[in-house]
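**Student:** Structure provided below as structure tokens; questions to follow.
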Amino acid sequence: MGKTDRRSDGAQRSQTQLQLPLRDVVREALFDTVIVAGVGFVGEVLEEERTVLCGRRYQRDPQRQALRAGWLASSLSLGGRRVEIERPRVRSVDGQEMILPSWRAWSARDPLQRRAMEQMLVGVSTRRYARSLEPLPSELGVHGMSKSAVSERFVVGTERKLLELLQRDLSGLELVALMIDGVHFADHVVLAAIGIDRSGEKHPLGLREGATENTTACKALLADLIERGLNPNRAILVVIDGAKALRKAVLEVFGERALLHRCQAHKKRNVTESLPERMRSSVRSAMSQAYATRDPKRARRLLENLARRLESDHPGAAASLREGLEETLTVLRFNLPESLERVLSSTNLIENLFSRVREISRRVKRWQGGRMILRWTAAGVLEAERYFRKVAGYRAIPKLVAALRAHDAALERQRGVDNRRQAA
């Protein structure tokens, strides 16, 4: 390389090094100019509207309907905070305060609440909220970025999210499956219900907070779903975690219309927790292999053989395996494709949903009651819902629908037989 080439490369590197900080300076200057100009434009628009109502300054107008009333220190939302501005005031000729049209429109919008929600949901703490915002020109007065202000907006926002979820109209949903599971937060349990419709879409349906997964809380959750439009008079697959109280509540509310399936993942967990550490892996593998046969008769035989082997040394694990065994095979009887069968055989869908809730609430040091837990849970659930996709194997759902309608028909036939017998 010659001297000329080396000089050329050096000049290019120097020019690039000069351009980088220059770009930053220009960017900051442009940003400041746009913000300051925007705030100035707000003042101009408001003053023009005041002029329309009051006429020009120092000019007599017997037809005027309003009078100038000076200026009032106010603020508008900008860039995740409140920016102070001087707002022109107007009063009617009889002394009543009048609100300028543009100010009414701008002040009615509250983007700060949405911004605080977004920042908190992506993991920004209330203490670091101000640092996460784009800096504004120093000549602008700002406020609304304190820890307490952000926290208050988040509380209001999550309360709205909770009400949005708990007041959803369910009457338009044609659900084929209902999943219910309880998740622990400190000393509280949140029962969650997720529905799957005929097209394979997932729908968060409701939440219920309680100290335990008792029958009363479970029935209250189901009653709320029915009150909001869930049809209890058509057969539906109900996947539960295996809690006896939840099973009892489902049967009391839906009766024979509920095709109960116990979560296979919970069953494996319950059985292996009754065993020594050295045996857990092999027993879990044996149960997984039994369920993987996708043949309910063969799976039952394999699981019963496993229970007999455990009976002598580990009767508790054997009893846990036998308890509700038949209900862990319900989905296998539909002969669905493996992908859809895997989705419906456990409540992992809810577990995955609550992993998002735990992710956004990891900064919470102390839960201050059940309402706070519900607010955070609703915010996390609705945030996760934005990224919902159809369940795997959704094209086979018509096969499940056919099985459910066949179950309905069988119940109707049996009811007709019973009625005839009573009449005879």
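**Student:** Within segment 151-254, considering only strands (runs of 3 or more DSSP E) that don't extend past its boundaries, which have at least 2 residues that are in contact with a Gly (Cβ under 8 Å, 6 or more places away or on another chain) and either in the same structural domain as Ala409 (by TED's automatic domain parsing) or not acidic (Asp, Glu) (or both)?
**Tutor:** Numbers: elements: 175-185, 188-197, 202-210, 236-240.
The strands (runs of 3 or more DSSP E) meeting that bar are 175-185, 188-197, 202-210.
**Student:** Would you check which residues across segment 347-366 are under 15 Å from Val190 (Cβ atoms) and outside any helix (DSSP H, G or I) and list them?
**Tutor:** Once the filter is applied, which keeps residues that are under 15 Å from Val190 (Cβ atoms) and outside any helix (DSSP H, G or I), segment 347-366 yields Thr347, Ser361, Val364.
**Student:** Among the residues of segment 289-311, are any over 21 Å from Val239 (Cβ atoms), polar (S, T, N, Q), modelled with pLDDT under 95 and outside any helix (DSSP H, G or I)?
**Tutor:** Within segment 289-311, none of the residues are over 21 Å from Val239 (Cβ atoms), polar (S, T, N, Q), modelled with pLDDT under 95 and outside any helix (DSSP H, G or I).
**Student:** If I go through segment 330-346 residue by residue, how many of them are assigned to a loop (DSSP other than H, G, I, E, B) and touching a residue at least 60 places away in the same chain (Cβ under 8 Å)?
**Tutor:** Narrowing segment 330-346 to residues assigned to a loop (DSSP other than H, G, I, E, B): 330, 335-337, 345-346.
Pick out the ones that are also touching a residue at least 60 places away in the same chain (Cβ under 8 Å) and you get 330, 335-336, 345-346.
Total meeting the criteria: 5.
**Student:** Another question, if that's okay. Take Ala402 and tell me if it is surrounded by 14 or more Cβ atoms within 10 Å (Cβ to Cβ) and assigned to a helix (DSSP H, G or I).
**Tutor:** Working: surrounded by 14 or more Cβ atoms within 10 Å (Cβ to Cβ): no; assigned to a helix (DSSP H, G or I): yes.
So Ala402 does not fit the description; no.
**Student:** Go through (1) assigned to a strand (DSSP E or B); (2) at pLDDT 80 or above; (3) of a type in the set (A, V, I, L, M, F, W, C) one by one and return the number of the condition Leu46 breaks.
**Tutor:** (1) is the only condition that Leu46 fails.
**Student:** Assuming Lys268 fulfils every condition listed in (1) buried (at least 21 other Cβ atoms within 10 Å of the Cβ); (2) more than 30 Å from Thr216 (Cβ to Cβ); (3) among the charged types (D, E, K, R) apart from one, which condition is it?
**Tutor:** Lys268 satisfies every listed condition except (2).
**Student:** The conditions are (1) touching a helix residue (DSSP H, G or I) at 6+ places or on another chain (Cβ under 9 Å); (2) closer than 19 Å to Thr272 by Cα, and Pro315 fails exactly one of them. Which is it?
**Tutor:** (1)
**Student:** Can you pull out every residue in segment 86-107 that is over 10 Å from Cys54 (Cβ atoms) and in a strand (DSSP E or B)?
**Tutor:** Once the filter is applied, which keeps residues that are over 10 Å from Cys54 (Cβ atoms) and in a strand (DSSP E or B), segment 86-107 yields Glu86, Arg87, Arg89, Ser92, Glu97.
**Student:** Still on this structure: Within segment 354-372, is even one residue under 20 Å from the mean Cα position of the chain (by Cα) and within 27 Å of Ala258 (Cα to Cα)?
**Tutor:** yes
**Student:** What about Leu112, is it under 30 Å from Arg358 (Cα atoms), touching a Lys or Arg at 6+ places or on another chain (Cβ under 9 Å), aliphatic (A, V, I, L, M) and at pLDDT below 80?
**Tutor:** Working: under 30 Å from Arg358 (Cα atoms): yes; touching a Lys or Arg at 6+ places or on another chain (Cβ under 9 Å): yes; aliphatic (A, V, I, L, M): yes; at pLDDT below 80: yes.
Taking the combined requirement at face value, the residue satisfies it.
**Student:** Let me ask you something else. Using the structure shown, decide if Gln368 is outside the structural domain of Pro296 (by TED's automatic domain parsing), more than 24 Å from Ser285 (Cα to Cα), at pLDDT below 90 and of a type outside the set (A, V, I, L, M, F, W, C).
**Tutor:** Details: outside the structural domain of Pro296 (by TED's automatic domain parsing): no; more than 24 Å from Ser285 (Cα to Cα): yes; at pLDDT below 90: yes; of a type outside the set (A, V, I, L, M, F, W, C): yes.
When the stated conditions are applied, Gln368 does not pass them.
**Student:** Inside segment 255-266, can you point out the residues that are in a helix (DSSP H, G or I) and either modelled with pLDDT of 95 or more or within 14 Å of Met179 (Cβ to Cβ) (or both)? Working first, answer last.
**Tutor:** So the first thing to find is which residues in segment 255-266 are in a helix (DSSP H, G or I), and the list is 255-257, 264-266.
Gln264, Ala265, His266 - these are the residues of segment 255-266 that are in a helix (DSSP H, G or I) and either modelled with pLDDT of 95 or more or within 14 Å of Met179 (Cβ to Cβ) (or both).
The values are calculated or read from the model by the stated rules, or taken from the named source; none is laboratory data. For clarity, every value in this text was computed on a predicted model and none was experimentally measured. Don't worry about glycine lacking a Cβ; one is built from the backbone with ideal geometry, like all the others, and counts go over all protein chains shown.
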